[in-house]
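These notes concern the structure reproduced below.
The values are calculated or read from the model by the stated rules, or taken from the named source; none is laboratory data. Just so it is clear, the model here is predicted, and its values are computed rather than measured. We work out accessible area using only protein heavy atoms, side chains counted, and drop any ligands, DNA or RNA first. Shrake-Rupley method; radii C 1.70, N 1.55, O 1.52, S 1.80 Å.
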Amino acid sequence: MSVVEKVGAGKGRIEVRSDGSEAVLSELSYSYPLKLFSPRLSLPEIAVVYVLTYGGGLVAGDVVDLRVNIKDGRSLVLLTQVSLRQETRL
């Protein structure tokens, strides 16, 4: 497991590596306004990370810098917030 260094504002790091047949997160670090969340899945060969922000979204002046390192041929799915617009039909 890598040593986690302090990350600056809006920065995050994700590292995925193998542990036998499983994909494991050897690093998951972030700082405000960025938030990273990884649920446990029934598919151990795939790592999943939700990329979120506090308050539901970024505002003017917010900057996000996400560094991702995927090792050993593993798989990572990144999911983010989405804004849904309701359509009005006439």
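In the range 28-79, Cα pairs under 8 Å separated by at least six residues give a relative contact order of 40 percent. Based on protein heavy atoms only, the range 20-60 ends up with 60 Å² per residue of surface accessible to a 1.4 Å probe.
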